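Trainee: I'd like to ask you about the structure that follows.
The values are calculated or read from the model by the stated rules, or taken from the named source; none is laboratory data. For clarity, every value in this text was computed on a predicted model and none was experimentally measured. Glycine also receives a Cβ, built like all others from the backbone with ideal geometry; neighbour counts cover every protein chain displayed.
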Amino acid sequence: MIKFKSLNRSKDFIEILKKKKLSTKYYTIYFDKNSKNPSKYLNISFVTKKKIGNAVVRNKIKRKLKYAIQKLYKETGLIDQNYTYVIFGKNNVYKDKFVNVLFEINKTFKKIKQMSN
């Protein structure tokens with residue numbers, strides 16, 4: 001199982017939010033190549049807005065996205081550890097089934113891989 005390393009400083013978030021982005025109906029993902037040396041952790045942060053719902057709903061959205069990323073990393077290896085990702089979850093993640101979210105994440109990371117080549 002891959003370990004996630006979340007961004008801690010607001011400076012890091014601001015830096016990533018100025019870089020490339022892709023939006024879907026489930027989430028918006030910002031990504032950029034790591035400026036530091038690659039590590040054994042996956043630099044990824046999951047964020048939800050307070051407008052989406054109470055803490056239970058927001059945490060469920062983050063859990064679904066985390067599990068989809070873990071599953072995709074383990075099965076396909078599409079996710080590059082040399083990148084930093086910030087994922088803003090949307091309310092549709094909570095409403096739809098996990099299979100749909102997983103399919104969309106798979107499609108998005110294929111696009112990211114094409115963009116990086």
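Trainee: Sort out which residues of the range 86-99 are free of Cβ contacts under 8 Å to residues at least 60 places away in the same chain and surrounded by fewer than 18 Cβ atoms within 10 Å (Cβ to Cβ), and write them in order of number.
Mentor: Passing the criteria: N91, K95, K97, F98, V99.
Trainee: Do any residues in the range 1-18 that are in a helix (DSSP H, G or I) have Cβ atoms under 6 Å from those of residues that are of a type in the set (D, E, K, R), where the two are at least six apart or on different chains, and which pairs are they?
Mentor: Partner pairs satisfying both residue conditions: I16/D32.
Trainee: Scan the range 76-117 for residues that are in a loop (DSSP other than H, G, I, E, B) and acidic (D, E) and jot them down.
Mentor: D80, D96
Trainee: Can you spot a residue in the range 59-69 that is touching a residue at least 24 places away in the same chain (Cβ under 8 Å) and in a loop (DSSP other than H, G, I, E, B)?
Mentor: There is no residue in the range 59-69 that is touching a residue at least 24 places away in the same chain (Cβ under 8 Å) and in a loop (DSSP other than H, G, I, E, B).
Trainee: Test Y73 against the criterion of being among the hydroxyl-bearing types (S, T, Y) and either modelled with pLDDT of 95 or more or part of a helix (DSSP H, G or I) (or both), and give yes or no.
Mentor: Yes; evaluated as a whole, the condition is true for this residue.
Trainee: Inspect the range 25-36 for any residue being surrounded by fewer than 16 Cβ atoms within 10 Å (Cβ to Cβ), touching a residue at least 12 places away in the same chain (Cβ under 8 Å) and over 17 Å from L7 (Cβ atoms) and give the result as yes or no.
Mentor: Yes.
Trainee: Would you confirm whether or not the range 37-57 contains a residue that is farther than 27 Å from N100 by Cβ, surrounded by fewer than 16 Cβ atoms within 10 Å (Cβ to Cβ) and of a type in the set (K, R)?
Mentor: Yes: the range 37-57 contains one or more residues that are farther than 27 Å from N100 by Cβ, surrounded by fewer than 16 Cβ atoms within 10 Å (Cβ to Cβ) and of a type in the set (K, R).
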